[in-house]
Amino acid sequence: MAKGSTPSPKQPVEPKHAVDAAGSMAQPDFPIVGIGCSAGGLEALDALLGGAPADSGMAFVIVQHLDPHHVSNLPELLQRATPMPVFEAGERMLVRPGCVYVIPPNKDLSLLHGVLHLLEPTEKRGLRLPVDFFLRTLADDCQHRAIGVILSGMGSDGMLGLGAIKEKGGLTLAQEPADARSDSMPGSAIEAGVVDIVAPAGELVARIVGYLRHAPTYRPPEAKPELDTQSALERIVLLLRNRSGNDLSLYKPSTLHRRIERRI
């Protein structure tokens with residue numbers, strides 16, 4: 001596909017994105033950015049993708065609340081904002097770095113071993129939380145490489161998904177509410193305390209790149225801390241609970257260590 005061309009959401013999936021019968025059985029070894037939005041999301045997506053270099057080494061998967069009864073032209077609209085190829089997500093489509101994938105109407109989107117899967121919605125339209133659904137699968141699949149972003153939108157969809165990403169040691173971001181046309185979705189996530197970085201939509205990718213450049217070395221969950229380190233961590237947890245009322249004792253030690261390293 002030529003740079004800057006506009007792929008149709010109805011065209012066949014390109015062979016490089018197809019998955020054979022054996023599938024992909026490994027976790028993706030590059031960051032995947034899951035982006036959730038609703039009302040006012042197109043403007044925010046244009047700003048976010050406009051600040052994303054084509055050679056960032058990341059893949060972007062967009063889950064927007066769409067009318068289930070209308071064909072979406074979101075891939076064509078977003079293609080104007082980015083040199084990266086933009087695809088409508090298809091069943092068993094392999095996620096590649098340097099590409100953008102957009103959820104189709106009236107589907108739930110999930111990720112397993114770096115492969116996208118389309119599911120029929122199980123909830124009624126007013127009760128669906130497609131952003132939470134995808135971000136949870138992203139957290140399970142990519143673990144500490146998962147990155148979740150919440151942009152403009154009404155409601156609180158995405159809040160629980162960002163929480164799942166934080167639990168796995170991933171990075172979470174939200175659009176600055178004052179920068180969003182509809183601030184409910186980013187505001188709900190921020191108020192819930194599940195957001196690491198808050199910034200205008202046009203600055204979010206730069207903040208992700210900056211974090212990845214200085215990200216702490218990942219330690220496997222099996223690596224247990226030394227006794228003295230564990231004792232110090234327990235004292236920190238007790239102090240936080242006594243001073244702030246926040247009980248962090250249920251978090252895994254490896255998760256707490258990654259959070260402390262990130263803030264250092």
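Per residue, the convex hull spanned by the alpha carbons of segment 42-183 comes to 105 Å³. P(r) for segment 152-209, from all Cα pairs and a bin width of 5 Å, is 4, 23, 31, 25, 15, 2, 0 %, short bins first.
All Cα-Cα separations within segment 64-127 were binned at 5 Å from zero, giving a P(r) of 4, 17, 25, 23, 19, 9, 3, 0, each value a whole percent of the pairs.
Only the coordinates and a few stated rules stand behind these numbers; no lab work does. Computed from a predicted model, the values in this text were never measured in an experiment.
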